[in-house]
Amino acid sequence: MKSVFIETENVTRFNNATKRAVDFQRGRPGMMMITAPTGYGKTVAAQHAHADPNSGGYYLRAWENMSQCAFLQKFSFEVTGTEPRSSAACKRAIIDALEKRPAIVFVDEADRLAIGRIEDLRDIHDETGSPICLIGEPKLYTNTIALRGRIANRIPPEYRITFGPLSVRDLSIFAMQAAGLTLNPEAAQIIHERASATFRWAFGLIESLEQIAAAAGTKTIDAELAGQVPDPRKWVEKIK
């Protein structure tokens, strides 16, 4: 199966907001927030935007229970290639670099960060004007951002993107582009339901379906072939 990136409905909305945020002449200054349950494609979308020369910027992934110094050292290394010893020195280095060359900063797994780290990011945004894109599960807003009005107020409505479930249409496009498979409506519905509308599960199911199709000597998938794909929902039930 080929490694492909498809612009789903979620990605289109994300990219439109990102393009506006990095247009420093016409864009609206502010922080961004991307939320969705796990498996909906947030990380892939952010990494793709980061790799795009038109948006670029920096990409960070938060770790569980990161201290202020550890987080800012990681941030500083991405921006400047250096890791100053103190939090204050890291923050100063980041601000100096982004003041000279503003760029969007994608912070993945942001729901793992303590409120103090989000405040650090707000300070950096305020000092440099660089957009800060916070990416995480829905609790990012309810457990953190909603508790601080000065943070929530810096995220305009158009920069609050909630990823919805993977659509049947997006699933069918992915199957065609990644594996060259044509799913009829019944087959697409079966795979979509078994994927629980998440992109992460859909990837594995299409990979399995490609092997089944190869054994059957076809690229056209009907309900019978789709039904041969193991249902990951049953694995989850066994674990529970």
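May I ask you to list pairs of residues, at least six apart or on different chains, whose Cβ atoms are under 7 Å apart, with the first in region 189-212 being free of Cβ contacts under 8 Å to residues at least 40 places away in the same chain and the second being among the acidic types (Asp, Glu)?
ARG194/ASP231
Scan region 172-180 and tell me whether some residue there is under 24 Å from PHE199 (Cβ atoms), without any contact (Cβ under 8 Å) to a residue 40 or more places away in the chain and touching a strand residue (DSSP E or B) at 6+ places or on another chain (Cβ under 8 Å).
Yes, region 172-180 contains a residue that is under 24 Å from PHE199 (Cβ atoms), without any contact (Cβ under 8 Å) to a residue 40 or more places away in the chain and touching a strand residue (DSSP E or B) at 6+ places or on another chain (Cβ under 8 Å).
When the residues of region 47-57 are filtered to those that are assigned to a helix (DSSP H, G or I) and either among the β-branched types (Val, Ile, Thr) or in contact with a helix residue (DSSP H, G or I) (Cβ under 8 Å, 6 or more places away or on another chain) (or both), which remaining residue is most open to solvent (accessible area, probe 1.4 Å)?
Taking region 47-57 first, the residues assigned to a helix (DSSP H, G or I) are 47-51.
This time we only want the ones that are either among the β-branched types (Val, Ile, Thr) or in contact with a helix residue (DSSP H, G or I) (Cβ under 8 Å, 6 or more places away or on another chain) (or both), so: 48-49.
Working: HIS48: 80, ALA49: 5 Å².
Looking at the filtered set, the residue picked out is HIS48.
Six or more apart or on different chains, Cβ atoms under 7 Å: show the pairs whose first residue is in region 218-240 and modelled with pLDDT of 90 or more and whose second is surrounded by 11 or more Cβ atoms within 10 Å (Cβ to Cβ) and of a type in the set (Asp, Glu).
Close Cβ pairs satisfying both conditions: ASP222/GLU186; ALA223/GLU186.
List pairs: first residue in region 1-30 and in a loop (DSSP other than H, G, I, E, B), second residue among the hydroxyl-bearing types (Ser, Thr, Tyr) anywhere in the structure, Cβ distance under 8 angstrom, at least six positions apart or on different chains.
Pairs found: THR8/SER167; ARG28/TYR159; GLY30/TYR159.
Counting just the residues of region 62-115 that are in contact with a strand residue (DSSP E or B) (Cβ under 7 Å, 6 or more places away or on another chain) and charged (D, E, K, R), which one comes out farthest from LYS139 (Cα to Cα)?
First, pick out the residues of region 62-115 that are in contact with a strand residue (DSSP E or B) (Cβ under 7 Å, 6 or more places away or on another chain): 62, 74-75, 78-79, 103-111.
Next, only the ones that are charged (D, E, K, R) stay: 74, 78, 108-109, 111.
On the way: LYS74: 23, GLU78: 26, ASP108: 13, GLU109: 11, ASP111: 7 Å.
Here the answer is GLU78.
Within region 62-104, how many residues turn out to be buried (at least 20 other Cβ atoms within 10 Å of the Cβ), among the small types (Gly, Ala, Ser) and over 19 Å from CYS133 (Cα atoms)?
Going through region 62-104 one residue at a time, the tally reaches 1.
If we scan region 158-167, do we find a residue that is over 20 Å from PHE14 (Cβ atoms), at pLDDT 95 or above and of a type in the set (Lys, Arg)?
No, there is no match, as no residue in region 158-167 is over 20 Å from PHE14 (Cβ atoms), at pLDDT 95 or above and of a type in the set (Lys, Arg).
State all residues of region 121-145 that are more than 20 Å from the chain's Cα centre (by Cα) and either more than 18 Å from LEU72 (Cβ to Cβ) or open to solvent by less than 10 Å² (accessible area, probe 1.4 Å) (or both); if no residue qualifies, say none.
Passing the criteria: ILE124, GLY129.
The values are calculated or read from the model by the stated rules, or taken from the named source; none is laboratory data. Computed from a predicted model, the values in this text were never measured in an experiment. We place every Cβ from the backbone using ideal geometry, glycine too, and count neighbours over all the protein chains shown. Ligands, DNA and RNA are excluded from the accessible area calculation, which covers all protein heavy atoms including side chains. Shrake-Rupley method; radii C 1.70, N 1.55, O 1.52, S 1.80 Å.
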